[in-house]
1. Which lysines does LYS99 reach when only Cα atoms under 24 Å apart count, and residues fewer than 8 places away in its own chain are ignored?
2. Note down the nm distance, to one decimal, between modelled labels 7 Å out along Cα→Cβ at THR185 and at GLN139.
3. Kirkwood Rh over alpha-carbon pairs of the chain, then Stokes-Einstein at 20 °C and 1.002 mPa s: what D in µm² s⁻¹, rounded to an integer?
4. What is the magnitude of the charge dipole of region 59-187 about its Cα centre, with +1 placed on the Cβ of each Lys and Arg, -1 on the Cβ of each Asp and Glu, and no other charges, expressed in debye to the nearest 20?
5. List the chymotrypsin sites (Phe, Trp or Tyr not before Pro) within region 151-187 that fall in a DSSP loop (any state other than H, G, I, E or B) and whose Cβ has at most 16 other Cβ atoms within 10 Å.
6. Would you compute, from DSSP H runs of 4+ residues alone, the mean residue ellipticity of the chain at 222 nm, taking -39500 (n - 2.57) per run and dividing by the full residue count, rounded to the nearest 500?
7. Which helices of the chain meet both criteria: a Cα extent of 30 Å or more along the helical axis and a mean Kyte-Doolittle score no lower than 1.0, with helices taken as whole DSSP H segments?
8. Percent relative contact order of the chain, based on C-alpha pairs within less than 8 angstrom and at least six residues apart?
Amino acid sequence: MQYTWDDISQHVMACTECPLSRTRHLPVMGRGNRQADIMLIAEAPGGCEDEQGIPFVGRSGEILDRLLRDCGLDRGEIYMTNIIKCHPPGNRDPGEEEKEACFPHLKYETFLLKPRIIVCLGRVAAQRIISPDFRITRQHGTWVCRKNCALTATFHPSAILREPSRYKSVAADFREIVKKRSQLTQT
Ligand code: URA
């Protein structure tokens, strides 16, 4: 069965596959350019995203926009989504069952987008997508290649809110992402 973007979106909006559907306000479908070659995957919507149904509209979103701007990208050129589409109360880490219940949404988003580059924002996304033992502090900015797709991870923008001195190294990771994209478009 070949799902369309509309199918995935409708499924996300009506999803009751895990208990977060009872506490969320709005589910948050991924957003951005559906022809993008760069896909950002974060952890889960925060409180502002839950209110508006749009990823990265809160304070983390402001940091993300600054990171994008500083490396010459903007939201219109990328696709951004989360491992889980509903806000976990109190911003707790998503549970294993919640991540597994929601994973098909991400799988179909990735299948339709076919990104050349996947960027995991934060530990939770990196450990689900790259490797369960991924250490974000030690391994951010490193690359692996899987099925014609280059994968990397960097700190989640909220980690910069907690520790502003991290901005520089995350900005350096974003510059490497842009470099990788230009290398890949030459191949
Ligand atoms: N934090 C996330 O991980 N995702 C969002 O969409 C917003 C904040």
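No value in this document is a laboratory result; all are computed from the given coordinates. Source: prediction; values computed, not measured. Ideal geometry is used to build each Cβ from the backbone, glycine not excepted, and the neighbour counts take in all protein chains shown.
1. LYS85, LYS107, LYS114, LYS147
2. That separation, rounded to one decimal, is 2.9 nm.
3. For the chosen part, D equals 130 µm²/s.
4. 380 debye
5. Here no loop site has a sparse enough neighbourhood.
6. Dividing the helical sum by the residues of the chain leaves -13500 deg cm²/dmol.
7. none
8. 24 percent
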